[in-house]
Each structure stands twice: as C-alpha cells, then as structure tokens.
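Only one structure is covered here, and it is reproduced in the block below.
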2 protein chains.
Amino acid sequence: MTDSRKPLILVTNDDGVNALGIKMLIDAIRPLGEIVVIAPDGPRSGMSSAITAFQPLRVHALGEECDLTVYSCTGTPVDCVKLGINEILERKPDLVISGINHGSNASICVIYSGTMGAAIEGCIFGIPSIGVSLTNHAALADFTQASAYARVIAEKVLCEGLPQGVCLNVNIPDVQKVKGIRVCTQAKGRWAKEFYRSQDQMGREIFWLTGEFENEEPDNQHTDEWALANGYASVVPCQIDMTAHDVIQKLNHLSLQD
Amino acid sequence: MTDSRKPLILVTNDDGVNALGIKMLIDAIRPLGEIVVIAPDGPRSGMSSAITAFQPLRVHALGEECDLTVYSCTGTPVDCVKLGINEILERKPDLVISGINHGSNASICVIYSGTMGAAIEGCIFGIPSIGVSLTNHAALADFTQASAYARVIAEKVLCEGLPQGVCLNVNIPDVQKVKGIRVCTQAKGRWAKEFYRSQDQMGREIFWLTGEFENEEPDNQHTDEWALANGYASVVPCQIDMTAHDVIQKLNHLSLQD
C-alpha cells in the first residue's frame, strides 16, 4: 500500500541494480520516504544521457517490501528515469536520486556520467534531482560516509527543493574523514592519453578506453576538483540549459538573412 | 600526402558512416580542407556523450583519396572523436563537425543527441566544433539546403574560431526555402507520452521509446524551436561548463563544515 503522505523517491544508478553503491544509498535514505528503485540490470557506466532508440526495453520487478519496491530495466539510466515517471510510478516523485556511483563524476566527467544523466533527466521533468558519486571505483569501496552525506543532502533537497532547471552533482572523496560540503563550480579539465592499444586473439588491433585526467585549474579553490583533493564533498549545481547566453551577442555575425 | 597548409577537419555523426546526411556533409565541406571521417559503423542515435568503457573499440579504414580519408569505428560518436584526436590524426584538427543528423536536435534534444555529443567532445579538446541536424528523420531526406548552410557556418568558424568552451548546435528546418540563420537560445521543453507499450512474440511486456515534444516557451522568438518553426536555421552556442553559476550563492545553505 502506498502512503501518499510520504515523499516518493525514485532511485537509480549506472553501475546496475546489484552494485554496492545503490544498496548503500537505499539503506541510507529509506527513512526519508517511499522508495522506488528502477535501475539498469547491469553496468552502464559512461552512458551519459543516452536513450535506447532501436531496441525495446524490458522491466522486471525484483522485490517489494514496506515502502521499498525494486525494478531492474534493460536500458540506460535515463531510460530508467523515463520509464519510472511515464509508466511505473503512480505519481510524480518528489526526488530523483542516482548513485552512489563507483568513481568520481567531478569536472568534465559530469558530461560522460550515466549517474548524472539520470539526475539531469529527473531535472528535465521538473523534479529535484541529485547524482551522488564516491571517488573510488572499487566494487567493495567503503560507502559509509558517502551514504551519510547523500542522506543529508537528500533531506535538505526534499525540504527546500532546487531551482528550476538545476540538479546537483555530488561527489564524496574517498578519505578517512570527510571535512564537510562545499558548493563548487565544475573544474575545467580534460582527459589525455585516452587509449590502450592492444590486440585481440586474432592479432587484430583493438583500443581500450583509459586515460589520465588533467585538471586545468588546479589552484582554483572554488572547483569540485579542489574540494575533493582537499577532503571536502563537492556539490556542483548543474543546469540543463546548455546555452552559452553570454556569447550569443558575440556570435551574431553568424546570423544571415536570405 | 597530407597538405599541412590546409585546415584539417574531423567529420563524424551518429547515424553511421553510411548515412546520407554525412555523405552530403562531406561533399559540401570538401573544398574547405583535408577531411578525415571517423564515424560509427552503424546507427548510434540518442547516444548523447556516451563512451565505451567495457568493450574494446575497433577502427576500419574504408577508403582514401585526395584529401579525404574515411574510417568506421565500432564505438559511439564520442569514441570516434577521442580515437581520431588521440590515435588517428597526425595533428590536432582545426574543426570537428558532426552530422548532418537525420532529425532535429533543438531544445532539450541537445542533451540526448549523439551528434551533439561528438561536437561537445571536440569542444572539450579545445577545437572549434559544430553539430548539424536537419529536422527530417527520413533516410532519404533532402539535405541540399542543410549541407549548404553547414558549409557556410563551417567556413565562418574555420575563419573566426569559437569562444573557448563553446560549440555550436545547428539545426536546419525541412522547408522549401530556409529564410536564413538565427543565433538562438535552447528552448525550454520536455518529452511526454514517451513509451509505446507492446508485447514480444512470447507475450512479454516491452516498451518502445517514442513521445511527443512539448515546447514550454512557444512564443519566445529567441529560441531554436521558434526559429525552426518559422523557417530559419537555428544556431545555439552550447557550453561545456554545466555549472549553474547564478545559483551557487543560493545553494550555500548546503555547505557544511564538519
């Protein structure tokens, strides 16, 4: 039975429904409301805001107990959010929370992140949305602090909402004691040396994606990378309007009237 | 032989190397420089900025003639750009151009678009980058006007560059006579009624992604959707910094010092 007085929270991730990070997130936020989990049936790292255009999607009910229902989905993190809101949930959720991702989504990684793709999708629907990541890729990383911070931030967002068109990219450093939370900007950065060249069993050339992250503003204390490197959790407000409003005037020479 | 005095242009798309849109784009921009095409080996619509994390990538040389070399790649549009810049091109390209996409990438579609994922990736590398789309999904759509506009804009961008961290989302309306170019904002909008419920051959429930686009600001003449609906090509400058700088102050209540 649904208790409509409780907040409804849609949970997803990009590491798949069986990842430790999402289990720890669910445990941490269960007291906050009715939880519906719709998460990919396996890893979907690096899926960004990808949607499944050419294949049908399938949803499987995995379990239901008091105020917690879990589904897996054959699609991407964004597909999970779309299916949840369009087809599965009986009402619009009060919060979409994605994670806890195994690995950092700070700086430019926000663009590739399936975790953040799901949060951005929640935001497109006008729902307060959060992506949460721990800067440790290990399957058995220690999510204790990250899940506690996820709960604190989820509580605040449930209570106060978020500005329209803005979601949160939360990253927690993998340190012994997190020093607190800083609201940050997305650090300028890029990846370099991105491929490991190898050969398959037939001697044919293959490329594995890898790389080294280069922080282009390591001394900027306002950035997420600085916060994480200095033991703070970073919260970057991310907007779904990608328009570079301040350069529209500069580009008016591109205008053309036939 | 490479003529290093000519601009080097990396071309990709998300409809695959055999799509009509990319062929028309290549024909249109060939006079502008040395062209290297690295495009997916099949359709990758809706791939956003997805990267291939768990599978090896393969690249196949398809052909080489005067100032035109064509490769296909097993990965996503972003993988194509990364492979091109990291592994295939002998120098940094002067322009990355992606398209011409079969279908609109205006408004919120910029977020799901593999075409724009590739342009955003070029921009992350600090290269002037453009995504071009025609508002017609048909495989045999008429790309005559779209490719002419793509060339005009590519020429201007090659000549004048783009602001750092900004790429262009260009959409061309499928009309008899395009009226010109307008520099626009990304229209606020969302998709509704997104799934077609059906059954597979065993009677199991499946969901196909579909939907209706809802323009949330139909009267705003500054938007890409307005431009396209009124016969203009739209050019939206898109930034890779997703930070909502103007709300950082408002969110400072989330800051926490342990």
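At a glance:
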item: Hydrodynamic radius of region B:80-129 per Kirkwood, over alpha carbon pairs, in Å; result: 11.4 Å
item: Cα-centred dipole magnitude for region A:106-258, charges only on beta-carbon of K, R (+1) and D, E (-1), debye, nearest 20; result: 300 debye
item: For region B:139-148, Karplus couplings with θ = phi - 60° (6.51, -1.76, 1.60), whole Hz, Gly/Pro x; result: 4, 10, 4, 8, 9, 4, 5, 4, 6, 5
item: Projected-area average for region B:176-258 over all orientations - Cα convex hull basis, square nanometres; result: 11.6 nm²
item: Hz values of 3J(HN,Hα) by residue in region A:237-248 - Karplus curve (6.51, -1.76, 1.60), Gly and Pro given as x; result: x, 10, 9, 8, 7, 8, 4, 8, 4, 6, 10, 4
item: Exam field: A:Arg197 pseudo-label spacings to other copies (7 Å along Cα-Cβ), nanometres; result: 5.3
item: Residues whose placed amide H lies under 5 Å from that of A:Ile130, excluding near-sequence neighbours; result: A:Val96, A:Ile97, A:Ser98, A:Leu168
item: With 10 Å bins from 0: P(r) over region B:86-233, alpha-carbon pairs, percent; result: 11, 36, 32, 15, 6, 1
item: Ratio of the Cα radius of gyration of chain A to 2.2 N^0.38 Å, where N counts its residues; result: 1.05
item: Normalised convex hull volume, region A:128-175, alpha-carbon set, Å³ per residue; result: 72 Å³
item: Exam field: A:Leu140 pseudo-label spacings to other copies (7 Å along Cα-Cβ), nanometres; result: 6.0
item: Two-decimal ratio, region A:103-154, of alpha-carbon radius of gyration to 2.2 N^0.38 Å; result: 1.19
item: Cα-centre dipole for the protein assembly as shown with unit charges at Cβ (Lys and Arg positive, Asp and Glu negative), debye to 20; result: 140 debye
item: At 7 Å out from Cα toward Cβ: B:Gly126 inter-copy label distances (nm, ascending); result: 4.3
item: Stokes-Einstein D for region A:1-146, Kirkwood Rh over Cα pairs, 37 °C, 0.692 mPa s (µm²/s); result: 223 µm²/s
item: Angstrom value of the Kirkwood radius, inverse mean 1/r, which spans all Cα pairs in region A:4-62; result: 12.9 Å
item: Kirkwood-type radius of region B:134-217, with distances r between different C-alpha atoms, in Å; result: 16.5 Å
item: Residue-wise HN-Hα coupling along region A:219-233, computed from phi with Karplus coefficients 6.51, -1.76, 1.60 (Hz; x: Gly, Pro); result: 9, 7, 6, 8, 8, 5, 4, 5, 4, 5, 5, 10, x, 9, 6
item: Fraction of antiparallel bridges per DSSP, chain A only, in percent to nearest 5; result: 45 percent
item: Estimated dipole of region B:1-148 in Debye, rounded to 20 [Cβ of Lys and Arg +1, of Asp and Glu -1, Cα centre]; result: 220 debye
item: Charge dipole (the protein assembly as shown, unit charges on Cβ, about Cα centre) - positive-most of B:Gly103, A:Val81, B:Phe125; result: B:Phe125
item: Beta bridges by DSSP in the protein assembly as shown, antiparallel share as percent, to the nearest 5; result: 45 percent
item: Rounded to whole Å, sorted largest first: equivalent-ellipsoid semi-axes of the protein assembly as shown, Cα gyration tensor; result: 36, 25, 24
item: Exceeding the 18 Å Cα-Cα cut-off - candidates A:Lys156/B:Lys250; A:Lys193/B:Lys82; A:Lys250/B:Lys250; result: A:Lys250/B:Lys250
item: Residues whose placed amide H lies under 5 Å from that of A:Leu68, excluding near-sequence neighbours; result: A:Ile35
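Values in this text are rule-based calculations from the coordinates and carry no lab data. For clarity, every value in this text was computed on a predicted model and none was experimentally measured. Counting neighbours? That spans all protein chains shown, and the Cβs are built from the backbone with ideal geometry, glycine included.
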